[in-house]
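Following: one structure in structure tokens, then a few remarks.
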Amino acid sequence: WFKLNKDTVGLYHVKYSASAAASLAKAIAAGELSTNDRIGVISDAASLAVSGHSNTSDFLTLLQACASETEFAVWQEIATRFTQLQSAWALESDEVKEKIKALRRDLFSSILVRIGWDTTAAAGSDEDDSHASRLRALAVRMAGKAGHEEIAAESHRRLKEYLAGNKRVLSGDLLPSVFSVVVSTGAREDYEAVKAYYLDTNNPVDQRLSALAALGHGKDTDLLRETLAFALTDDVRNQDIHIVVSAIGSNSFAGDLAWKWFQDNYDLLLARYLAATNYIGELMELSTSHFVGSERAAEIEEYFATKDTARYSRSIEQTVERIRTNTAWFETDRENVREWFANN
């Protein structure tokens, strides 16, 4: 195998042939690349696939080789790129989307198999605190929300204990992930429990905001509508509304609920953020973050055609460009991805 741009210090992407990418995948699995090089290879493969310069199958082959990865920074890159792939493949058949989710479950659940749910550091030691704690939280969120049944069940069990007073079962890093998994896999009573945690002003602000974000991760459209309505009440600060919109806008089960909410409340939002209208652009971007399809891009352009968007025109341009880029990526590599899953 060979790796160009050693330690990924150069600001450029490297395109490898399919055979070279397969060789790099073996090197990654064998632990023969540095951390920076592993991040660089994953980043290059994903970026070149999005732009149409490389096949997404090469990216998937590299991902599959990362099951034994130990570094948080590498897993964070994988999570970001995996989420991007799932967003672009939103229009794919349920069968293929389930295969993508299964790969996500297998990869990220492997982390918990190695490091478990609980800290292994000795009392008074910081050895496990930062790296393993963040890695554990990422694994729970990515595998749990992808439908890993054991991780979801353990998340429910631990949150019930935590809310009953046993704070030792969940670290501060792990709590946001568990909130998200519980709401995404649970029922109304679970949603209400997380909402009550957010409303309790005795809880730390960062944890309350994590609970607020988790409310947008469910699958029940009625609850998602309630959450969007809740975002405009006095219980949610003006500067925190984007947290709700971001969660629901990126939720594949929400459809276009966030976008419709944005349109229905446009005048209200404009009046509320008159002194910071760039925030309107941010809300628009977040409400459409999982959109795919040229008709969606055209719909956004048409909606804003008669509005004064001088303060957030760049947000509109970026959103439309993102949608069209993801659409082109999906249309170009749809069969390539199907073939990869058929053979792996």
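The values are calculated or read from the model by the stated rules, or taken from the named source; none is laboratory data. What you are looking at is a predicted structure, and each value in this text was computed from that prediction instead of being measured. Here Cβ is always computed from backbone atoms with ideal geometry, including for glycine, and neighbour counts include all displayed protein chains. Ligands, DNA and RNA are excluded from the accessible area calculation, which covers all protein heavy atoms including side chains. Shrake-Rupley method; radii C 1.70, N 1.55, O 1.52, S 1.80 Å.
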Counting only residues 5 or more apart in sequence or on a different chain, those whose built amide H sits under 5 Å from that of Ser51 are none
With each pseudo-label sitting 7 Å past Cα toward Cβ, what's the Asp206-Arg311 distance in nm, one decimal? 3.1
Can you compute 3J(HN,Hα) from phi for each residue in the range 141-155, using the Karplus curve 6.51 cos²θ - 1.76 cosθ + 1.60 with θ = phi - 60°, rounded to whole Hz and x for Gly and Pro? 5, 6, 7, x, 6, 8, x, 6, 5, 5, 5, 5, 4, 5, 4
Sorted largest first, the C-alpha extents of the range 255-344 along its principal axes in whole angstrom are 54, 21, 19
Taking only the alpha carbons of the range 83-229, what extent do you get along each of the three principal axes, in Å, biggest first? 50, 37, 22
I'd like the per residue volume of the convex hull spanned by the Cα atoms of the range 1-118, given in cubic angstrom. 107
Name the long-range amide H neighbours of Thr277: under 5 Å, sequence gap of 5 or more, or other chain; modelled H, no Pro or chain starts. none
In the neighborhood of Leu48, defined by Cβ-to-Cβ distances under 14 Å, what is the net charge if each Lys or Arg adds +1 and each Asp or Glu adds -1? -1
Hydrodynamic calc, the range 156-200: Kirkwood Rh from Cα pairs, then Stokes-Einstein at 25 °C with viscosity 0.890 mPa s, so D in µm² s⁻¹ is 234
With θ taken as phi - 60° and the coefficients 6.51, -1.76 and 1.60, list the Karplus ³J(HN,Hα) couplings across the range 238-248 in order, rounded to whole Hz; mark glycine and proline as x. 3, 6, 10, 4, 4, 5, 5, 5, 4, 5, 6
Kindly state, as a whole number, the per residue volume in cubic angstrom of the convex hull around the alpha carbon atoms of the range 166-246. 90
Heavy-atom surface of the chain, accessible at 1.4 Å and reported per residue (Å²): 47
In vacuo Debye sum over C-alpha of the range 1-65, base-10 log of normalised intensity I(q)/I(0) at q = 0.12, 0.16, 0.21 Å⁻¹, listed in q order, is -0.23, -0.42, -0.75
So I have (i) 19; (ii) 28; (iii) 33, and one of them is percent of Cα pairs over 33 Å apart calculated from this model. Which one is it? (iii)
